[in-house]
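The structure appears right after this line, and notes come after that.
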Amino acid sequence: MVQSSTSVVTMSPSPRFKDGLRLVAKRYVPKDYRPEGVTLLFFHCTGSHKEVFEPIIPSLLSLKHATDRTSVVREAWTFDNPSSGEASVYNAGVLDRQATGFTVEEWSDCFKELYVSGTFEGHALMPVAHSNGATAVLLATIPGALPAVPFKSLILVEPPLITKAAWDEHKEQQEFAMKTISTMVMKRRDTWATRTDARQYFENRLPWSSWDKRVLELFREHALKEVSVEENSTPAQKVTLCCSRLQEYTQYTNTAPHFLAAERVGTIDPAVPVHFIFGEREDVVPWYCHNSVLEKRPVASQLQRIPDAGHFVVQENPNALGVAIARILLTGEAAPRAAL
């Protein structure tokens, strides 16, 4: 059995947020809690929410070492990007006053600020970070105005990374993909009469139609929020996506931090394991992007591929993802690099 609690703390990731932003985190602790093992930190992809990992958290918290039956995982934390999920409700006014969207660098600094506060003193931290969340985690390992976060190891799930050299080599394809995605984001539908209507819409359209049913239900519950609109000069209550078009557009088109994060993969201390988990299906992120990053760390990293999944591996095949993470936690092993 797992107990959970939600915390809301004020952070100041950049001067433009003078009154601060709310970082919303959810902590999961097993009923037989003991202060041993690693603390898992989950970071979601653009447009998602912190609860997206809930289908796999209970099984990870239940893992035991075979020798002495002690807990492998101490506890787990999940974090909303401040422009997404529950956090978007707390930060609506602050974000609406900005001409540009919230950045992954600012999300990373929010977490670094939380770390500096002493919240995780005595914890062995292991992030499990999907897509844009992986960039946030890698940036958190770089010292700046705030010190770097010393992770025990990192699990990067479908990171959206590419080296600058690979980008330049495939520039035409990359720019076309960026233009296509950004156009789709700005034109997408984002408001529905009810959550039920929204779910019916998602069930018949990609990428949502390929998602695990539990994940889709969590999206309906946590990635939508109530909104007041005017319809035929009459106030009406509807639901809209927590992550607005502007916020999602900013996070997709802000490429510079991903180049920096890609380079950081190669300079992290070789003693710190870096684990990569990719979907077997090549869809959003081409293989040449992944390979350009893996080449930065040819020895000190491990790779696993998840069947029946592409970039949205967290949403499409959470069960297999949970098994892959458990394999890392129990043995530290993954597929040999020859699988590349």
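Every number in this text was worked out from the coordinates using simple rules, so none of it is lab data. Everything numeric in this text was worked out from a predicted model, so none of it was measured. Positions of Cβ are backbone-derived with ideal geometry, glycine not excepted, and every protein chain shown enters the neighbour counts.
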Top positive-direction residue, dipole computed over the chain with Cβ charges, set 244, 166, 4: 4
Residue (of 287, 211, 40) at the positive-pole extreme of the chain, dipole from beta-carbon charges: 40
Relative exposure of 191, 70, judged by other C-beta atoms within 10 Å (fewest first): 70, 191
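Rounded to the nearest 500 deg cm²/dmol, what is the calculated helix-only ellipticity per residue at 222 nm for the chain, with -39500 (n - 2.57) per DSSP H run of length n ≥ 4?
Helix-only estimate at 222 nm: -10500 deg cm²/dmol.
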Among 198, 136, 177: highest mean-square fluctuation, GNM of the chain, C-alpha pairs under 10 Å: 177
Whole-Hz ³J(HN,Hα) from phi, Karplus 6.51 cos²θ - 1.76 cosθ + 1.60, for the stretch 309-321, glycine and proline x: 7, x, 4, 8, 4, 4, 8, 8, 9, x, 4, 5, 4
Distance in nm between pseudo-label sites at residue 117 and residue 67 (7 Å out along the Cβ direction from Cα): 3.6
Whole-Hz couplings from phi, Karplus 6.51/-1.76/1.60, listed for the stretch 164-177; x for Gly and Pro: 4, 5, 5, 4, 4, 5, 10, 4, 4, 5, 5, 5, 5, 4
Cα centroid separation, the stretch 315-334 to the stretch 147-190 (Å): 23
Simple Cβ-charge dipole of the chain, Lys/Arg +1 and Asp/Glu -1, about Cα centre, in debye nearest 20: 280
Computed FRET value (nearest 0.05) for residue 1 with residue 272, which takes r as the C-beta separation and R₀ as 35 Å: 0.60
Rg/Rg_ref, the stretch 111-155, where Rg_ref = 2.2 N^0.38 Å and atoms are Cα: 1.08
Sequence-separation-based contact order of the stretch 220-270, relative, with Cα cut under 8 Å and 6+ spacing, percent: 25
Restricting the stretch 120-195 to trypsin sites (Lys or Arg not before Pro) in coil, as DSSP defines it, with at most 12 other Cβ within 10 Å: 188, 189
Whole-number percent relative contact order across the stretch 25-127, with pairs defined as alpha carbons under 8 Å at least 6 apart: 35
Under DSSP loop assignment and at most 11 Cβ neighbours within 10 Å, longest GluC sites (Glu not before Pro)-free interval of the chain: 122-332
Among 156, 135, 102 - extreme Cα towards positive end, dipole of the stretch 91-156, charges at beta-carbon: 156
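Give me the compactness ratio for the stretch 82-184, meaning the Cα radius of gyration over 2.2 N^0.38 Å.
Taking N as the residue count of the stretch 82-184, the ratio is 1.26.
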Over the stretch 173-280 - Rg/Rh using Cα atoms and the Kirkwood inverse-distance radius: 1.08
Computed P(r) (all Cα pairs; the chain; 20 Å bins; percent): 31, 61, 8, 0
Given 50/164; 18/50; 50/152, the pairs whose alpha carbons are separated by over 32 Å: none
Average Cα contact separation per residue, the chain, under 8 Å, 6 or more apart, as relative contact order %: 19
Electrostatic dipole magnitude of the stretch 178-301 [Cβ: Lys, Arg +1; Asp, Glu -1; Cα centre; debye, to 20]: 140
Kirkwood Rh and Cα Rg combined as Rg/Rh, the stretch 218-277: 1.27
Loop trypsin sites (Lys or Arg not before Pro), the stretch 24-102, which have at most 15 other Cβ atoms in a 10 Å radius of their Cβ (DSSP): 31, 69, 97
FRET E, pair residue 236, residue 214, Förster distance 30 Å, beta-carbon r, rounded to 0.05: 0.50
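So if each residue of separation counts as 0.36 nm, and I subtract the Cα-Cα distance between residue 194 and residue 295, what length gain in nm does that give? Kindly include the intermediate steps, with their values, before the conclusion.
Values: separation 101, 0.36 × 101 = 36.36 nm, distance 4.68 nm.
Result for the pair: 31.7 nm of gain on full extension.
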Potential extension, residue 19-residue 226 segment - 0.36 nm per residue separation minus Cα distance: 72.1 nm
